[in-house]
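This report concerns only the one structure given below.
Quick note: the coordinates plus some simple rules give every number you see, no bench work behind them. Everything quoted here is computed from the prediction, not taken from an experiment. Here the Cβ positions follow ideal geometry from the backbone for every residue, glycine too, while neighbour counts run over all protein chains shown.
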Amino acid sequence: MVPVIDLRLKFGLDAAEYTQRTCIIVTQVQGDGGAVLMGIVVDGVSEVLNLAGSEIEDTPTSARSIPGDICSAWPR
């Protein structure tokens with residue numbers, strides 16, 4: 001089983017009816033206990049990419065200072 005978070009609800013937006021464009025993006029995040037698979041519900045996607053870890057850049061310093069209550073869905 002993979003836990004799924006609806007980003008509209010997580011960020012305090014109004015709920016929306018799921019449509020044919022609604023997608024669940026499954027991603028792997030690093031938590032305190034190791035890697036965890038997690039799904040996120042989004043209204044739609046325009047492109048799908050598969051990236052290797054080496055292709056992902058570090059988080060910019062300015063984004064690291066975002067308060068935890070805004071991004072508390074993501075392990076730090």
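Some observations on this one:
- Calculated FRET value between MET1 and THR61, using beta carbons and R₀ = 30 Å, to 0.05: 0.25
- Kirkwood radius and radius of gyration were both taken over the C-alpha atoms of segment 1-45, and their ratio Rg/Rh is 1.03.
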